[in-house]
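Q: For reference, the structure I am asking about is given below.
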Amino acid sequence: MEELISIRGLTKDYQIGNQVVQALRGIDLVIKKGEYVAIMGPSGSGKSTLMNILGALDSPSSGHYFLNGNDVSTMVDDELAVVRNKEIGFIFQTFNLLPRYDALENVALPMIYGGVPKSERQDRALKALQNVGLADRTTHKPNELSGGQRQRVAVARALVNNPAIILADEPTGNLDSKTSVDIMRLMREIHKQGNTIILVTHEEDIARRSQRIIRLLDGHIESDEPNEMIE
């Protein structure tokens with residue numbers, strides 16, 4: 001498979017008072033196009049920091065992060081914003097939907113920032129909602145949807161710009177067990193369509209649905225192994 005992400009010697013330090021906290025301590029990592037990867041680790045392991053850097057939400061203190069051959073780690077804020085909009089689809093634990101917008105409008109948002117014409121935005125947003133089984137909920141606002149439906153809207157929004165990677169941060173954290181299974185089944189279908197998925201989770205049963213599990217501890221990669229027992 002083609003190399004999509006290459007991380008070399010990545011570090012991230014935070015200044016807290018008089019102390020320097022080393023969140024990442026020399027991470028080397030390659031993720032190939034079409035992989036389904038879970039990143040795990042206890043609180044303080046560095047997984048959230050790594051997720052923020054992968055999502056172009058933060059920059060490393062040193063080292064390099066290449067996405068599709070481009071060195072994201074050297075980019076300025078405006079360039080990072082373009083990467084976030086065009087290359088990365090985000091799925092968050094808290095859904096991050098705008099309450100005043102209906103489902104169609106929420107899904108169309110990334111395309112507004114990308115300058116896509118309105119008619120094309122509506123067509124693509126509708127198709128994305130159809131693909132996650134919400135064609136009959138396009139005019140519903142978030143407070144009119146169940147938790148699972150809200151997460152499906154978030155999944156549609158993540159997919160609408162055809163990004164290089166889908167970055168999912170605890171996507172089932174606010175869902176009941178049955179709805180969690182439904183969302184993870186949807187994630188599996190999205191992966192089968194050729195999408196690269198990076199899933200950040202602390203739940204073993206969620207991680208076991210991926211092809212590969214990376215475990216962080218104290219800012220280092222503790223293990224990086226294929227998951228042969230995919231559920």
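Q: Would you check the chain for Lys pairs whose C-alpha atoms are within less than 28 Å, ignoring same-chain pairs closer than 8 in sequence, and give me the count?
A: Final tally of qualifying lysine pairs is 26.
Q: May I pose another question? Expressed in nm², what is the orientationally averaged projection area of the convex hull enclosing the Cα positions of the chain?
A: Values: hull surface 52.0 nm².
Over all viewing directions, the chain projects a mean Cα-hull area of 13.0 nm².
Q: If you keep only loop residues by DSSP, which trypsin sites (Lys or Arg not before Pro) in region 9-51 have at most 15 other Cβ atoms within 10 Å of their Cβ?
A: Working: sites: 12, 25, 32, 33, 47; in loops: 33.
The qualifying sites are 33.
Q: Also: For region 72-169, state which trypsin sites (Lys or Arg not before Pro) are in a DSSP loop and have at most 10 other beta carbons lying within 10 Å of their beta carbon.
A: On the way: sites: 84, 86, 100, 118, 121, 124, 127, 137, 150, 152, 157; in loops: 100.
Taking region 72-169 and a limit of 10 other Cβ atoms within 10 Å, the loop trypsin sites (Lys or Arg not before Pro) found are 100.
Q: Do the sum for the chain: with -39,500 (n - 2.57) for every DSSP H run of n ≥ 4, divided by all residues, what is the mean residue ellipticity at 222 nm, to the nearest 500 deg cm²/dmol? If you can, show how the numbers build up before the last one.
A: Numbers: 7 runs with 77 residues, N = 231.
Roughly -10000 deg cm²/dmol at 222 nm, from the helical runs in the chain.
Q: When the dipole is taken about the Cα centre of the chain, and only Lys, Arg (+1) and Asp, Glu (-1) are charged at their Cβ, what size is it in debye, to the nearest 20?
A: On the way: 26 positive and 31 negative charges, 131 e Å.
The calculation lands at about 640 debye.
Q: Working out 0.36 nm times the residue gap between residue 70 and residue 118, then minus their Cα-Cα distance, what length gain in nm do you get to one decimal? Display every interim value, and only then the final one.
A: Numbers: separation 48, 0.36 × 48 = 17.28 nm, distance 2.97 nm.
The residue 70-residue 118 span can extend by a further 14.3 nm.
Every number in this text was worked out from the coordinates using simple rules, so none of it is lab data. Not measured: the values here are computed from a predicted model. Heads up, the Cβs are rebuilt from the backbone with ideal geometry, glycines too, and the neighbour counts pull from every protein chain shown.
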